[in-house]
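Have a look at this one before I ask anything.
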């Protein structure tokens with residue numbers, strides 16, 4: 001039992017070391033080495049890491065490329081922001097408005113009452129449930145409609161992208177209900193606890209880090225289980241899994257919903273740490289950028305995804321501050337380089353050199369070492385692309401749709 | 001829709017219809033290129049919008065040169081050809097350097113071409129500046145004519161329509177009536193067999209990709225007659241054109257034409273009656289819903305994959 005847990009959850013020796021290093025960096029090195037402003041930035045990057053981790057599950061293992069993870073990040077973030085905004089706009093502090101007690105942007109847009117879908121967000125319990133449930137439900141609807149009809153691969157990517165676009169246009173267009181292009185800003189307190197103070201920022205950072213580690217552990221358990229095996233099998237030979245009697249669509253829907261939920265947690269933590277939420281984190285561009293975090297870190301590596309998110313965002317901050325012109329060139333080059341030369345990302349490079357450094361490990365033949373190898377984190381071996389089970393055309397199979 | 005009389009409604013439909021037709025032309029030209037690249041080759045070219053921008057910038061540059069030397073009235077026809085040529089050439093090089101290594105990995109192509117589009121956008125910004133530039137239209141393209149009192153149809157829209165029709169016809173002849181098209185279709189249907197009967201499939205890929213890019217360049221030239229060009233112009237159209245191709249059924253030219261017509265018209269007419277963002281949202285939502293019910297698009301080509 002203990003051993004199984006050690007293997008599955010921590011990914012054996014190398015997986016555990018990787019996780020411990022990551023935890024040490026998040027909880028010790030960064031908080032001690034950075035001032036609060038920088039640490040808050042790192043906290044923001046770590047909320048993107050949730051999305052990157054979800055993409056490792058979905059894309060790296062599931063072979064489903066979603067270009068709309070921003071949808072779920074945004075939904076989670078907006079749910080949190082709605083609660084905080086309602087708390088910030090109590091009748092006392094909004095008494096200069098025409099209608100006190102409603103968020104300021106509604107007042108600016110001549111709304112005189114709180115829209116019905118804002119009402120439940122007075123309750124923290126409801127909000128917390130909504131943060132997890134709304135994106136998951138949304139993902140379920142999309143996933144059910146698409147995977148049951150065997151839409152996959154490229155088509156799935158394009159359609160998720162369009163949904164991200166639709167959501168952005170809606171949020172921007174419906175200013176009175178959503179805060180429009182500025183998003184929901186001026187968030188102050190959570191149940192009376194001021195989230196803008198220094199101590200709150202530290203606490204939120206640590207909560208964020210702990211949640212991230214927890215998400216990685218849960219993902220490991222899932223990937224280490226039979227389900228994880230099935231996912232790999234589905235990615236590489238979907239037809240064969242189907243012919244073995246599994247309902248491929250159900251598994252895909254599950255992993256898509258899971259990824260949505262993980263992204264939503266990231267979104268909610270983003271709102272708490274950064275203090276606002278806006279449509280810039282929902283649309284097509286952020287969604288694709290989130291894919292690059294996972295790709296840079298290594299699409300098969302949960303831990304690598306976190307480093308990917310940290311490094312790319314750090315680079316973005318540094319370059320867009322000092323050489324804004326160069327940044328897009330670099331970002332574009334990064335996309336191309338990762339795809340062409342390092343399909344396994346940082347984790348792949350690490351794995352290559354780790355092997356050279358630790359060549360003394362002789363226990364290759366033992367069965368347990370083998371199995372932990374295939375499931376543990378940085379996976380060696382060529383990455384077969386997701387949507388290219390050969391003969392599958394563009395993701396729509398030729399069989400009659402049932 | 002109350003508050004309008006029937007004749008007013010007809011005028012609105014006619015005028016929004018025609019403004020829809022200009023949008024249709026650009027969208028259709030973009031989508032034609034994509035239909036060739038995506039439908040025939042299965043490559044997702046996220047940088048397709050930037051190829052359109054290449055065409056547009058080429059036209060703008062040429063219009064500047066033309067004004068200088070005083071042949072501003074005739075340059076446009078030449079600019080169309082030049083836009084095609086430049087975009088074709090860049091497309092050819094991109095295929096050579098990037099795309100050809102990624103045919104087996106469609107999702108990776110998507111990411112790589114997205115990266116390419118970022119680089120190209122920044123290149124436009126560094127070269128031509130962040131501000132939007134517009135071409136000097138020749139005189140014969142300006143103005144409008146009025147068939148009735150309330151309807152007002154711009155000439156450039158009609159010209160662009162004609163251009164689109166010509167390009168459509170050209171693509172049709174190329175794909176379905178020429179030797180080259182035969183090779184392209186053979187490669188699509190069965191790459192290995194096509195290779196076995198002596199078709200140079202690599203060369204076919206290269207020319208097909210470059211051709212798709214070239215048509216995007218023509219779309220750019222057409223675009224300059226209805227709006228001004230900025231570094232991110234192309235990215236505004238990329239999602240829409242993908243929708244057109246997917247909705248029409250990849251690999252079906254007829255489907256592409258019809259779906260471009262439907263999408264552009266729906267968008268343009270809805271935008272009059274709702275605000276413009278809602279018009280777009282409703283159009284996209286309807287398309288996504290239809291695609292969920294009928295994933296293969298309106299016209300599925302019978303291709304063995």
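The values are calculated or read from the model by the stated rules, or taken from the named source; none is laboratory data. Because the structure is a prediction, the values reported are computed rather than measured. Here the Cβ is made from the backbone with ideal geometry for all residues, glycine too, and neighbour counts use every protein chain on show.
Would you confirm, using the coordinates I've provided, whether residue B:54 is away from chain A (no Cβ under 14 Å) and surrounded by 24 or more Cβ atoms within 10 Å (Cβ to Cβ)?
yes
Check the stretch B:203-210 and report whether any residue there is under 24 Å from residue B:101 (Cβ atoms), over 20 Å from the mean Cα position of the chain (by Cα) and more than 10 Å from chain A (Cβ to nearest Cβ).
Of the residues in the stretch B:203-210, the ones under 24 Å from residue B:101 (Cβ atoms) are B:203-210.
Then keep just the ones that are over 20 Å from the mean Cα position of the chain (by Cα); that gives B:203-204.
Keeping just the survivors that are more than 10 Å from chain A (Cβ to nearest Cβ) gives B:203-204.
Checked against the condition, which is being under 24 Å from residue B:101 (Cβ atoms), over 20 Å from the mean Cα position of the chain (by Cα) and more than 10 Å from chain A (Cβ to nearest Cβ), the stretch B:203-210 yields at least one hit.
Which of the following residues is surrounded by 24 or more Cβ atoms within 10 Å (Cβ to Cβ) and within 12 Å of chain A (Cβ to nearest Cβ): B:127, B:109?
From the options B:127, B:109, the qualifying one is B:109.
In addition: Sort out for me the helices (runs of 4 or more DSSP H) sitting completely within the stretch B:217-305 that have 3 or more residues that are within 12 Å of chain A (Cβ to nearest Cβ) and without any contact (Cβ under 8 Å) to a residue 60 or more places away in the chain. Give the derivation first.
Values: elements: B:233-248, B:253-273, B:276-293.
Fully inside the stretch B:217-305 and qualifying: B:233-248, B:276-293.
Report whether or not residue A:295 is in contact with a helix residue (DSSP H, G or I) (Cβ under 6 Å, 6 or more places away or on another chain) and at pLDDT 85 or above.
Yes; evaluated as a whole, the condition is true for this residue.
Being within 26 Å of residue A:208 (Cα to Cα) and surrounded by fewer than 19 Cβ atoms within 10 Å (Cβ to Cβ) is true for just one of A:243, A:254. Which residue is that?
A:254
Any idea which of B:81, B:60 is at pLDDT 85 or above and within 29 Å of residue B:262 (Cα to Cα)? Give the steps one after another, and end with the answer.
Working: B:60 fails: within 29 Å of residue B:262 (Cα to Cα).
Criteria check complete, one pass: B:81.
Give the residues of the stretch B:181-195 that are surrounded by 14 or more Cβ atoms within 10 Å (Cβ to Cβ) and part of a helix (DSSP H, G or I), sorted by residue number.
Those that are surrounded by 14 or more Cβ atoms within 10 Å (Cβ to Cβ) and part of a helix (DSSP H, G or I): B:181, B:182, B:183, B:184, B:185, B:186, B:187, B:188, B:189, B:191, B:194, B:195.
Right, another one. Going by the conditions given, is residue B:198 at pLDDT 85 or above and part of a loop (DSSP other than H, G, I, E, B)?
yes
For (1) at pLDDT 90 or above; (2) more than 14 Å from chain B (Cβ to nearest Cβ); (3) within 27 Å of residue A:354 (Cα to Cα); (4) over 18 Å from the mean Cα position of the chain (by Cα), each residue gets a yes or a no:
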| residue | (1), (2), (3), (4) |
| --- | --- |
| A:37 | no, yes, no, yes |
| A:71 | yes, no, no, no |
| A:77 | yes, yes, no, no |
| A:82 | yes, yes, no, yes |
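While we're on this one: Which of the residues spanning the stretch A:164-206 are within 14 Å of chain B (Cβ to nearest Cβ), within 17 Å of residue A:121 (Cα to Cα) and either in contact with a strand residue (DSSP E or B) (Cβ under 8 Å, 6 or more places away or on another chain) or surrounded by fewer than 14 Cβ atoms within 10 Å (Cβ to Cβ) (or both)?
A:178
Among the residues of the stretch A:301-320, are any away from chain B (no Cβ under 14 Å), within 18 Å of residue A:63 (Cβ to Cβ) and not in a helix (DSSP H, G or I)?
There is at least one residue in the stretch A:301-320 that is away from chain B (no Cβ under 14 Å), within 18 Å of residue A:63 (Cβ to Cβ) and not in a helix (DSSP H, G or I).
Are any residues in the stretch A:324-355 more than 20 Å from residue A:314 (Cα to Cα), within 9 Å of another protein chain (Cβ to nearest Cβ) and assigned to a helix (DSSP H, G or I), and if so, which ones?
Hits for the stretch A:324-355 are A:339, A:340.
Quick check on residue A:228: is it at positive phi and surrounded by fewer than 24 Cβ atoms within 10 Å (Cβ to Cβ)?
Here the answer is no, as residue A:228 does not meet what is asked.
Evaluate the following for residue B:233: is it surrounded by 18 or more Cβ atoms within 10 Å (Cβ to Cβ) and more than 21 Å from residue A:163 (Cα to Cα)?
No, not satisfied.
Moving on to the next point. Hey, which of the helices (runs of 4 or more DSSP H) in the stretch A:26-121, taking only ones fully inside, have at least 3 residues that are surrounded by 17 or more Cβ atoms within 10 Å (Cβ to Cβ)?
The qualifying helices (runs of 4 or more DSSP H) are A:36-55, A:69-88, A:104-108.
Quick test for you: out of B:20, B:91, B:39, pick the one residue that is buried (at least 21 other Cβ atoms within 10 Å of the Cβ), modelled with pLDDT of 90 or more and in contact with a helix residue (DSSP H, G or I) (Cβ under 8 Å, 6 or more places away or on another chain).
Numbers: B:20 fails: modelled with pLDDT of 90 or more; B:39 fails: modelled with pLDDT of 90 or more.
Going through B:20, B:91, B:39 in turn, just one is buried (at least 21 other Cβ atoms within 10 Å of the Cβ), modelled with pLDDT of 90 or more and in contact with a helix residue (DSSP H, G or I) (Cβ under 8 Å, 6 or more places away or on another chain): B:91.
Residue by residue, here is whether (1) out of contact with any helix residue (DSSP H, G or I) (no Cβ under 6 Å at 6 or more places or on another chain); (2) under 19 Å from residue A:268 (Cβ atoms) holds:
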residue	(1), (2)
A:171	no, yes
A:174	yes, no
A:182	yes, no
A:196	yes, yes
A:224	no, no
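Which residue, of A:147, A:138, A:156, is within 14 Å of chain B (Cβ to nearest Cβ) and surrounded by fewer than 21 Cβ atoms within 10 Å (Cβ to Cβ)?
On inspection, the qualifying residue turns out to be A:138.
Kindly provide the set of residues from the stretch B:36-52 that are in a helix (DSSP H, G or I) and over 9 Å from the mean Cα position of the chain (by Cα), ordered by number.
Correct list: B:36, B:37, B:38, B:39, B:40, B:41, B:50, B:51.
Next up: Based on this model, can you work out whether residue A:210 counts as under 23 Å from residue A:49 (Cβ atoms), in a helix (DSSP H, G or I) and in contact with a strand residue (DSSP E or B) (Cβ under 8 Å, 6 or more places away or on another chain)? Even if it seems obvious, please write down each step before you answer.
Values: under 23 Å from residue A:49 (Cβ atoms): yes; in a helix (DSSP H, G or I): yes; in contact with a strand residue (DSSP E or B) (Cβ under 8 Å, 6 or more places away or on another chain): no.
It is false that residue A:210 is under 23 Å from residue A:49 (Cβ atoms), in a helix (DSSP H, G or I) and in contact with a strand residue (DSSP E or B) (Cβ under 8 Å, 6 or more places away or on another chain).
Oh, and also: Quick check on the stretch B:93-106: of everything there that is more than 7 Å from chain A (Cβ to nearest Cβ) and part of a helix (DSSP H, G or I), which residue is farthest from residue A:152 (Cα to Cα)?
B:93
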